[in-house]
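K.L.:
Below: one structure in structure tokens.
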Amino acid sequence: MSTSVSMASVRQPAAPAPSKQERSGARAPWPLLLPALLLFIAVVVVPLAMTVLLSFHNWGQYTGIQFVITLKNWQEIWSDPYFYEMFARTFRIAGLATIIAAVFGAPEAYILNRMRAPWKGFFLLIILGPLLISVVARTLGWALLFGGNNGLVNKALMTIGLIDAPIPFMFTETGVVIALAHVMMPFMVLSVWAALQRVDPQIENAALSLGAGPMTIMRRIILPQIMPGVLSGGIIVFALSASAFATPSIIGGRRLKVAATLAYDEFLNTLNWPLGAAVAVLLLVALVLIIVGSNALIERRYSEVFR
Amino acid sequence: MSFLELNGVCKRFGDHVAVEDINLSVTKGEFISLLGPSGCGKTTTLQMIAGFVDPSAGAICLNGRDLGSVKPSKRGLGIVFQSYALFPHMTAAENIAFGLEMRGVPRAERELRVRDALVMVGLDGYADRHPRRMSGGQQQRVALARALVIKPDVLLLDEPLSNLDAKLREDMQIELRQIQRSIGTTTVLVTHDQTEAMALSDRIVVMSKGRIEQIGTPHETYEKPASAFVSQFLGKTNEFPGEVDRHAASPRLVAGSCHWPAPAGVTGPVTVTVRPEKVGFGGETHNGLKARITNRIFQGNHWLFQCETECGPAIVVRQNTGEAQPTEGENVRLVWRAEDMGVRPRGAGR
Amino acid sequence: MSRNGSLALIFHTVFVIFMVAPIVVVCLVAFTPEGYLSLPTNGFSLRWFRTIADYPEFINAFWVSLWIGAVSSVIALLFAVPAALAIARHQFRGREALSALFLSPLMIPHVVLGIAFLRFFTQTGLSGTFVALLISHVIVVFPFALRLTLAAATGMDRSVEMAAVSLGANSWTLFRRVTLPLILPGVVSGWALAFIQSFDEVTMTVFLAAPGIETLPVRMFLYIQDNIDPLVTSVSASVIVITMLALILLDRFYGLERVLAGHSDRGR
Ligand SMILES: Nc1ncnc2c1ncn2[C@@H]1O[C@H](COP(=O)(O)OP(=O)(O)OP(=O)(O)O)[C@@H](O)[C@H]1O
Ligand SMILES: [Mg+2]
């Protein structure tokens, strides 16, 4: 899986509308746009269309890809409980990772925001920096920490007496969820952090002066204002977790398949490209629906905060 | 003969009309101001002259040549923007030299002219400063020098002084006027500040809602406003309802309990206007509006009185000459000379 | 040190440990003197860093990553800068749709992109080539190049450009002497962010890699699939250190927050 994807772009218009001193005209400045547009049509639109088409092709062990139009792959995904199981696992893992990221990331962003000058910058670097470190290296770290039944995490937990017997992390959903939450955490912190930057720093003092206690301020003043940040961060984290590849592959191993790793398997091991394409297209469609849907919901609910 | 001419110029943005049927001719060397409230289309008009906005209709001619097909970069106009729009990555001298470079002026001459321009705006010694390290007034001067150094046919100024504090603004007004006089560049200034327009211009174009309300010298527009809008926009004005009675023995103008000989050309209900500084206080026997002083405010070189008259509220401004002035609550008569009074049919004028 | 209570500080400490633990562990294990995975309890050793030299495929993959990252970011910018200027400056029909298209590689899971590119390049006979890898990376980093350029272009005072035009500058001079210098910080950080994206990309690249033209993360991933040994930790540690250095430089010169703001797309 890659750290680069992010979904918030769905919500915002690409850029503020140009200033009013514009030489306005409804015709697009084609000379500037055409190179990029042609590039995208040739290397994004066409390949995606080919992939969708591929998912309707037939495949046989000995015949390879057959250029006929068939619903066979889609029927297989629809009827085989294996795929249902796999997609359920994918979204379950993504959902849990999102919840963990929100529950820990949001308070941390708040704490960070209250820190003073040198520390604030320092810890921001520490927490957001991993975003730029290769996801393979970060996941390798978790593999070392989990490392079988007597991994470091288990040793530490048993030493402080939190658990009696080692918990299996490697090759389990628990392990994948923890590692994914770690990989995605910076997105959540960043998102909540951005929301906090829009909060008037005097607002807590205003609430204090009106007689509100710390808990009331948190619940009535701060939380409502950072909620849009938590939710849009949640969308990013969910979408990225659901399409994650490297982390589930390394921590989950060969047996614990999620959508991305299954598609990879179909393509590079089984060589059943049409079926792999169908899984990938289904993942894409499901994610787009979830993102667009929840964006619309958040937008409606928090329209006044976003404005 | 007019030098810069706008003929029936219109600009629509979608179905919003920003500028409607502007006709204006500016003679060579003239300093003209476009004056009007925010959003009345001043900037749009200026940008059409500059070529950054294409008119929806009408034509703009410079020196007899239609500018319609001339690109902004070829119009040879000097522009000073409200934000100054200095190139932040170039020094003051580089900023000023830019236009000369574009004209292919050789380096030696360029340096000479840049130095002269800096001296002209009083910034010699600032050649190598970057705009970010200059004060607002200094940046403003660089912008002016940059526009003037190319010897433009017309200088266009879009609220060039609005970012400066009051004191500096006054100084720059005087300086701007001096520089413009000495080099004689035809200048169009956009402003919403009426004192600025009066202080600087040969003629003022008063605009409202995309239309021209009046064109005239500062004195004309102030003393003989063509419409209610102009008289209200240029300084404060008292307005009273009145009536021209042509059936009486001698035709006369009545407002409240006073009357004057009827002015020519109007009849029926009218609005009487008079500037606050033209109003004086008279005794019970004078031909004046009955009034009571509700507020007396001392403002240094003058007094400001708010009065409740028999025809509605009014304000009076009196020079502080040291004479005794009426006090709050006093009953007075407001008097003025008939020639200081404006009369227009009621409901006329936008 | 802050206005946080002690409970908050305990939470913060645990959180920071959680965030850095896997990274620190990788770096520590890389220094083990033993022949197997273990913490360096009996002194530090550089033996596993020296061993990297015996595996030319890692060195080679590193150079491929560097090249792909640098070149694809430049190519992406060549396409993105004009597009960003058009989108920032002009109001036209389909503007929203077009920018959505240009940002779509952010929306599409990389596994889907990988599959689409694999299919596309196989059909066009380019599969397994350096060119295919390069083109696919141009697409993946394009949104980052676009966003940061777009932010710089929209933040720019338009009247500065009008001033240049009124002084007689033609389109090319305008771009070279005024527009480009003013958006340069955005363009440079767009390049840096695009480079990092390309350098870290693994999910899509794993579909396109072929022996000899695989990037470092892909080589590491494929190696880990077979077995985890101290060698891959020392490679990872090197990558982490290089990234950290780049990060600190970027923070010094540009501000990490600004770069990351572009990263997560939070433009507002
Ligand atoms: N590009 C545009 N698109 C739509 N409407 C515009 C555009 N440019 C200007 N307008 C509208 O045209 C009208 C005139 O604008 P203009 O900028 O000329 O006003 P102005 O007199 O310069 O005001 P101000 O004193 O505030 O600068 C305004 O109502 C403005 O909203
Ligand atoms: Mg204006």
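Read-outs throughout are calculated quantities, based only on the coordinates presented, and are distinct from any laboratory measurement. Given the structure is predicted, the values throughout are model-derived calculations rather than measurements. Heads up, the Cβs are rebuilt from the backbone with ideal geometry, glycines too, and the neighbour counts pull from every protein chain shown.
K.L.:
Check which residues have an amide H placed less than 5 Å from residue B:189's amide H, if you skip close sequence neighbours.
P.N.:
B:32, B:33, B:34, B:157
K.L.:
How high is the relative contact order of chain A, in percent, counting Cα pairs under 8 Å that sit 6 or more residues apart?
P.N.:
29 percent
K.L.:
Between Rg and the Kirkwood Rh of chain A, both from Cα atoms, what is the Rg to Rh ratio?
P.N.:
Result for chain A is an Rg/Rh of 1.04.
K.L.:
Are there chymotrypsin sites (Phe, Trp or Tyr not before Pro) in segment A:24-73 that DSSP puts in a loop and that have at most 12 other Cβ atoms within 10 Å, and which ones?
P.N.:
Those that pass, being in a loop and sparsely packed, are A:62, A:67.
K.L.:
In addition: I'd like to compare B:276-287, B:320-331: which one has the highest average count of other Cβ atoms within 10 Å, and what's the full order after that?
P.N.:
Going by the mean number of other Cβ atoms within 10 Å, highest first, we get B:276-287, B:320-331.
K.L.:
Now for a separate question. Looking at segment B:2-228 only, what percent of DSSP beta bridges run antiparallel? Nearest 5 please.
P.N.:
Of those bridges, close to 55 percent are antiparallel.
K.L.:
Quick one: which of C:101-107, C:19-25 comes out on top by average Cβ neighbours within 10 Å, and what's the full order, highest first?
P.N.:
Those peptides, ordered most packed to least, come out C:101-107, C:19-25.
K.L.:
In whole percent, what relative contact order does segment C:120-233 give with Cα contacts below 8 Å and a gap of six or more residues?
P.N.:
33 percent
K.L.:
To the nearest Å, what is the center-to-center distance of segment B:275-350 and segment A:52-125, using C-alpha atoms only?
P.N.:
79 Å
K.L.:
Let me know the mean shielding of C:71-80 by other chains, meaning the per-residue number of their Cβ atoms within 10 Å of its Cβ.
P.N.:
2
K.L.:
Between beta-carbons, use under 15 Å as the cut-off and find the net charge around residue C:8, counting Lys and Arg +1, Asp and Glu -1.
P.N.:
+2
K.L.:
Can you check what the Kirkwood hydrodynamic radius comes to for the protein assembly as shown, Cα pairs only, in Å to one decimal?
P.N.:
After inverting the pairwise mean of 1/r, the radius is 33.1 Å.
K.L.:
Right, another one. List every DSSP H helix in chain A whose Cα atoms extend 20 Å or more along the helix's own long axis and whose mean Kyte-Doolittle hydropathy is at least 1.0.
P.N.:
Span-like helices in chain A: A:173-197, A:223-242, A:273-301.
K.L.:
Now for a different question. Just for the Cα atoms in segment B:2-228, what are the lengths along the principal axes, largest first, rounded to whole Å?
P.N.:
50, 40, 31
K.L.:
Between residue B:213 and residues 5 or more places away or on another chain, which pairs have amide H atoms under 5 Å apart, with H built 1.01 Å from N, and which residues are they?
P.N.:
B:206, B:207, B:208
K.L.:
Arranged by the count of other C-beta atoms within 10 angstrom, fewest first, what order do B:100, C:134, C:78 take?
P.N.:
Starting with the residue having the fewest Cβ neighbours, the order is C:78, C:134, B:100.
K.L.:
Cut-off is 10 Å between beta-carbons; in what order do B:203, B:65 appear when sorted fewest neighbours first?
P.N.:
In order of increasing Cβ crowding within 10 Å: B:65, B:203.
K.L.:
Using θ = phi - 60° and the Karplus form 6.51 cos²θ - 1.76 cosθ + 1.60, what ³J(HN,Hα) does each residue of segment B:198-205 get, whole Hz, x for Gly and Pro?
P.N.:
5, 5, 9, 8, 7, 9, 10, 10
K.L.:
Long-range amide H contacts for residue B:270: which residues qualify at under 5 Å (H placed 1.01 Å from N, peptide plane, sequence gap of 5 or more or a different chain)?
P.N.:
Answer set, sorted by chain and number: B:242, B:243, B:244, B:346.
K.L.:
If you don't mind, another one. For residue C:44 and residue C:131 in one chain, what is 0.36 nm times their gap in residues minus the Cα-Cα distance, to one decimal in nm?
P.N.:
Net length gain for the segment: 27.1 nm.
K.L.:
Something else: At 222 nm, what helix-only mean residue ellipticity would the protein assembly as shown give, in deg cm²/dmol to the nearest 500, using -39500 (n - 2.57) for each DSSP H run of four or more?
P.N.:
-16500 deg cm²/dmol
K.L.:
If each residue's Cβ is checked for other Cβ atoms within 10 Å, how do A:273, B:336, A:30 rank with the fewest at the top?
P.N.:
A:30, B:336, A:273
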